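Comments concern the structure below.
The values are calculated or read from the model by the stated rules, or taken from the named source; none is laboratory data. This one's a predicted model, so the numbers in the text were calculated from it and none came from an experiment. Here Cβ is always computed from backbone atoms with ideal geometry, including for glycine, and neighbour counts include all displayed protein chains. Areas reflect the complete protein model, heavy atoms only, side chains present, ligands, DNA and RNA absent. Shrake-Rupley method; radii C 1.70, N 1.55, O 1.52, S 1.80 Å.
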Amino acid sequence: MGSDKQHKRAIQLLREGVFPTDWALVPVAGKKTYLKSWTKIALDRQKLELEYKLNTSYKGLGVVTGGFSNGLIALDIDGPTADERYRELAGDEYMPFGLEDTWTSTSGREGRRQIFWYVPGSMKSELVNVKKVIRRVEGCWHLGAGDPVNKEQEEKAAEDAKYEELVLRYNCCQSVLPGSPHPVTKKPYWFANDVRQVKVAPDWVIDVLMPFRKPVGFLDNAAL
């Protein structure tokens with residue numbers, strides 16, 4: 001990852017064409033954007049640069065996952081124990097840190113990374129209701145906004161300080177991009193590997209998503 005050592009700012013990487021052109025991006029301050037309509041309207045690159053310049057709080061960029069970005073989905077791995085759960089779930093499709101065959105970013109904190117894929121075109125229109133799919137503490141995947149979901153699980157998680165989330169992030173979510181400073185460490189998010197392409201989601205991810213599909217009556221050519 002030699003040239004990655006330069007750790008350029010996200011806005012520089014944008015101007016150099018590093019980020020895929022079919023991704024909808026937002027300016028971020030830490031992990032937050034102050035755009036009220038970011039889940040409803042995808043910014044074009046000209047508007048993005050304007051918004052970035054208008055607010056001095058913005059120091060980085062994020063990508064809006066889901067339909068705005070051609071069906072982009074991110075696996076958010078929140079630490080070593082979450083990575084172990086990912087290993088168990090993915091089986092032979094597990095990819096060790098730094099050896100991923102698709103776009104992957106990291107905050108640099110131990111065991112933390114986000115792996116990005118595209119969902120198959122035929123599934124995009126069936127996943128409009130999916131925001132986050134979370135691997136909950138009882139071992140099942142659920143649609144939701146957080147984990148744990150009840151008092152008993154909350155107490156269990158509090159007792160186990162090492163509990164870390166494993167989440168698939170889709171519509172109405174945004175992931176901070178390389179070159180953007182982390183709000184805690186102040187160090188930049190960066191690439192976990194040398195891959196700058198995004199692959200189609202592996203079979204194990206498709207299997208997780210299947211129960212949350214809402215089939216539509218027909219598909220147009222754009223969805224095929």
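Residues that are modelled with pLDDT of 95 or more and under 13 Å from ARG213 (Cα atoms) were ranked within segment 90-122; the one that is least open to solvent (accessible area, probe 1.4 Å) is VAL119.
Here is a list: LEU14, LEU43. Which entry is hydrophobic (A, V, I, L, M, F, W, C), at pLDDT below 95 and buried (at least 16 other Cβ atoms within 10 Å of the Cβ)?
Details: LEU14 fails: at pLDDT below 95.
The unique qualifying residue is LEU43.
Within segment 190-201, one or more residues are open to solvent by less than 70 Å² (accessible area, probe 1.4 Å), within 30 Å of TYR58 (Cβ to Cβ), modelled with pLDDT of 85 or more and in a strand (DSSP E or B). As a summary of the residue check, GLU152 satisfies the conditions (1) among the charged types (D, E, K, R); (2) modelled with pLDDT under 90; (3) within 13 Å of the chain's Cα centre (by Cα) except for the one numbered (3).
Selection of first residues in segment 66-79 that are open to solvent by 10 Å² or more (accessible area, probe 1.4 Å) and of second residues that are hydroxyl-bearing (Ser, Thr, Tyr), restricted to Cβ pairs under 7 Å at least 6 apart or on distinct chains, gives the following pairs, ordered by first then second residue: ASN70/TYR118.
Report, by residue number, each residue of segment 171-180 that is open to solvent by 40 Å² or more (accessible area, probe 1.4 Å) and part of a strand (DSSP E or B). I'd like the intermediate steps shown before the answer.
Just the residues of segment 171-180 that are open to solvent by 40 Å² or more (accessible area, probe 1.4 Å), to begin with: 172.
Within segment 171-180, none qualify.
Of these, LYS36, LYS8, which one is under 23 Å from PHE97 (Cα atoms) and not in a helix (DSSP H, G or I)?
Numbers: LYS36 fails: under 23 Å from PHE97 (Cα atoms).
Testing whether each residue is under 23 Å from PHE97 (Cα atoms) and not in a helix (DSSP H, G or I) leaves just LYS8.
Yes/no matrix, rows are residues, columns are (1) farther than 30 Å from GLU49 by Cα; (2) among the small types (Gly, Ala, Ser):
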{"position": "LEU61", "(1), (2)": "no, no"}
{"position": "VAL64", "(1), (2)": "no, no"}
{"position": "LEU72", "(1), (2)": "no, no"}
{"position": "LEU75", "(1), (2)": "no, no"}
{"position": "GLY91", "(1), (2)": "yes, yes"}
{"position": "LEU99", "(1), (2)": "yes, no"}
{"position": "THR102", "(1), (2)": "no, no"}
{"position": "THR106", "(1), (2)": "no, no"}
{"position": "GLU110", "(1), (2)": "yes, no"}
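Determine, yes or no, whether GLU84 is touching a helix residue (DSSP H, G or I) at 6+ places or on another chain (Cβ under 9 Å) and either at pLDDT below 95 or open to solvent by 20 Å² or more (accessible area, probe 1.4 Å) (or both). First the steps, then the outcome.
Working: touching a helix residue (DSSP H, G or I) at 6+ places or on another chain (Cβ under 9 Å): no; either at pLDDT below 95 or open to solvent by 20 Å² or more (accessible area, probe 1.4 Å) (or both): yes.
So GLU84 does not fit the description; no.
Taking TYR52 as the residue in question, decide whether it is in a loop (DSSP other than H, G, I, E, B), open to solvent by less than 50 Å² (accessible area, probe 1.4 Å), more than 14 Å from ILE115 (Cβ to Cβ) and in contact with a helix residue (DSSP H, G or I) (Cβ under 9 Å, 6 or more places away or on another chain). For TYR52, the condition - in a loop (DSSP other than H, G, I, E, B), open to solvent by less than 50 Å² (accessible area, probe 1.4 Å), more than 14 Å from ILE115 (Cβ to Cβ) and in contact with a helix residue (DSSP H, G or I) (Cβ under 9 Å, 6 or more places away or on another chain) - is not met.
Might you let me know whether segment 155-169 holds any residue that is modelled with pLDDT of 95 or more, not in a loop (DSSP other than H, G, I, E, B) and not aliphatic (A, V, I, L, M)?
Of segment 155-169, the ones modelled with pLDDT of 95 or more are 166-169.
Those still in the list that are not in a loop (DSSP other than H, G, I, E, B) too: 166-169.
From what's left, not aliphatic (A, V, I, L, M): 169.
Within segment 155-169 (the criterion being modelled with pLDDT of 95 or more, not in a loop (DSSP other than H, G, I, E, B) and not aliphatic (A, V, I, L, M)), the answer is yes, since at least one residue qualifies.
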